[in-house]
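**Student:** Take this structure first; my questions come after.
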Amino acid sequence: MIEKLLNDYFMVNLNKKLSLSNRAKLIPSKNYNEINLLWKEHQKIQSDLDNGKYKCLNDSIPDFSYLDLKIKIANKIFKECIFCPRKCKVDRNNETGFCGVRNPIIASELFNQNETLPIMFKTDYNINYNINSNINNNSNINNSNINNNFNTNNNSNSNSTIDSNIICNTNPNTDFNIISNSDSITDYNNNSNNSFNNNYNNNFNDNFNNSCNVDSKKDLNNKDNNNSNILENNNNNCKKSSLCIAGLNEESPLIPSHKIFFSGCTLRCAFCQNYEISINPKNGISINKKDLAFKINNNRLAGSSNVNFVGGEPTPNLNFILETIKLTKENIPIIYNSNMYLSTETMSLLNGFVDLYLTDFKFGNNKCASRLSGVSDYMETVGNNHKIALSSGNIIIRHLVLPNHIECCSIPLIDWIVENLGVDVVLDIVDKYKPFYKANQYQDLSKTLKSKDVERVIDYAKSLGLNNIIKT
Ligand code: SF4
């Protein structure tokens, strides 16, 4: 079920579908100088997309694209910043607002190739993904000249390429933007002259078929006597799930992830688990867009499942992120790993760009949010943004269980999710709380988390029908 809920993400990951950002590069847009006109055009394209207008895309890159439109708007916002609801309205070229971020500073960048072995396996993945093999499309992922040193055991003689020009899916029964012309996972020619010199899927295939040393069917039979699909993200793989995972540092369906950690944050949570980055917006290095795009491409070719913009908080750097992705050439899912304290303008720009929202939903009421994160409109803002995210991409909702906040936050939050988002969402219950940053100044937060608290939250979620749970 988790795979179905994250279907679009997995399809892009497997190169069977264009990422939303690559699609945005192909959608033509009108260009204006006036911000109001830019927004009008943006809204028009969004509603055209909602109405299915761009099911068939031309293969030529327009002079000015939907992605260019987003970039132009974001660059205007940067000069009078309203990326988050704090709406500091400062010109970030010259000054900083609450977040303290001026130009993007990257605190660290992480891509652990070892996370690929094993990557991820699934018992019924191929069966569930009902790609119609008769699609007559010519998909185009532009040529990348990046040298790929990734070593796979690829023995494939396949000549299938992702080459030439994008997409026209003429089969109404299939999803649009499918970029495979076979019903199997695309194989890439391992020839160094290949325009798409990508071994990633071969590696995926190898792992997919051979490397899992656990009988995943057996796992299915060994499921608990309820219908929950719980992934436990630890090194003891394949415990309760139809997915066999390598549990390393990130939500299991997402690894190996190319994580880019931006310094600075729009919130100041007293218990911040990443405070070295979030409260020090100058902590790190400046990387130019071209170099970062090169790394994103290179890591994709080396096996990354996604590019994962995180922090701190990525939001103050939205224009930089959009511009960087414009320079990438590979088809890669974009993960927006965020506190979701974002302005409606930012949510609008992310719509049609982000493939998967990896969100933090921290509180279940405004009182705790105000006391511990300093914002009074938490539930309205973050809640509404979750509704938008769910309607515009795939989503994993992450909830860090806080000590002494089960009854006031975790339980009401789960109620809120069920009431507003339904039970068909992926929920990541995080039990890694540590009393970092200023937590020791708060009696309730200075304690360590008890495992029975986490179990209570999971049991409550299951009792309400939330069965797609990742535990990290
Ligand atoms: S991102 Fe938010 S906190 Fe930072 S300057 Fe912009 S509006 Fe202010």
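**Student:** How many residues are over 21 Å from Ala439 (Cβ atoms), surrounded by 21 or more Cβ atoms within 10 Å (Cβ to Cβ), out of contact with any Asp or Glu (no Cβ under 9 Å at 6 or more places or on another chain) and not β-branched (Val, Ile, Thr) if we restrict to segment 353-390?
**Tutor:** Count: 5.
**Student:** What's the total number of residues in segment 406-453 that are farther than 26 Å from Ile279 by Cβ and among the charged types (D, E, K, R)?
**Tutor:** 7
**Student:** Pick from Leu413, Leu400, Leu445, Leu449: which is under 16 Å from Ala369 (Cβ atoms), crowded, with 20+ Cβ neighbours inside 10 Å and more than 24 Å from the chain's Cα centre (by Cα)?
**Tutor:** Leu445
**Student:** Something else about it: In segment 15-56, what residues are in a loop (DSSP other than H, G, I, E, B) and closer than 22 Å to Ala293 by Cβ?
**Tutor:** The answer is Asn15, Leu18, Ser19, Ile27, Ser29.
**Student:** Still on this structure, please answer the following. Right, Phe98: under 22 Å from Thr315 (Cβ atoms) and either within 16 Å of the ligand (Cβ to nearest atom) or surrounded by 14 or more Cβ atoms within 10 Å (Cβ to Cβ) (or both) or not?
**Tutor:** Yes; evaluated as a whole, the condition is true for this residue.
**Student:** Follow-up. For the condition within 16 Å of Phe320 (Cα to Cα), without any contact (Cβ under 8 Å) to a residue 60 or more places away in the chain and not aliphatic (A, V, I, L, M), what is the one hit in Lys53, Lys30, Lys76, Lys70?
**Tutor:** Lys76
**Student:** On the basis of being within 21 Å of the chain's Cα centre (by Cα) and either crowded, with 20+ Cβ neighbours inside 10 Å or among the charged types (D, E, K, R) (or both), does Lys53 make the cut?
**Tutor:** Answer is no for this residue.
**Student:** Taking segment 327-346, which residues are among the aromatic types (Phe, Trp, Tyr) and away from the ligand (no atom under 13 Å from the Cβ)?
**Tutor:** Residue satisfying the conditions is Tyr336 alone.
**Student:** Something else: Please indicate, with yes or no, whether at least one residue in segment 292-303 is modelled with pLDDT of 95 or more and within 16 Å of the ligand (Cβ to nearest atom).
**Tutor:** No - not one qualifying residue is present in segment 292-303.
**Student:** Quick check: anything in segment 207-218 surrounded by 23 or more Cβ atoms within 10 Å (Cβ to Cβ) and either out of contact with any His (no Cβ under 6 Å at 6 or more places or on another chain) or modelled with pLDDT under 95 (or both)?
**Tutor:** No: segment 207-218 contains no residue that is surrounded by 23 or more Cβ atoms within 10 Å (Cβ to Cβ) and either out of contact with any His (no Cβ under 6 Å at 6 or more places or on another chain) or modelled with pLDDT under 95 (or both).
**Student:** Okay, moving on. Cβ-Cβ under 6 Å, sequence separation 6+ or interchain: first residue in segment 86-104 and part of a loop (DSSP other than H, G, I, E, B), partner basic (Lys, Arg) and surrounded by 21 or more Cβ atoms within 10 Å (Cβ to Cβ). Which pairs?
**Tutor:** Once the first residue is part of a loop (DSSP other than H, G, I, E, B) and sits in segment 86-104, its partners that are basic (Lys, Arg) and surrounded by 21 or more Cβ atoms within 10 Å (Cβ to Cβ) give Arg102/Arg92.
The values are calculated or read from the model by the stated rules, or taken from the named source; none is laboratory data. Note that the coordinates shown come from a computational prediction; the quantities given were computed from them, not determined experimentally. Cβ coordinates were reconstructed from backbone atoms using ideal geometry, including for glycine residues, and neighbour counts include every protein chain displayed.
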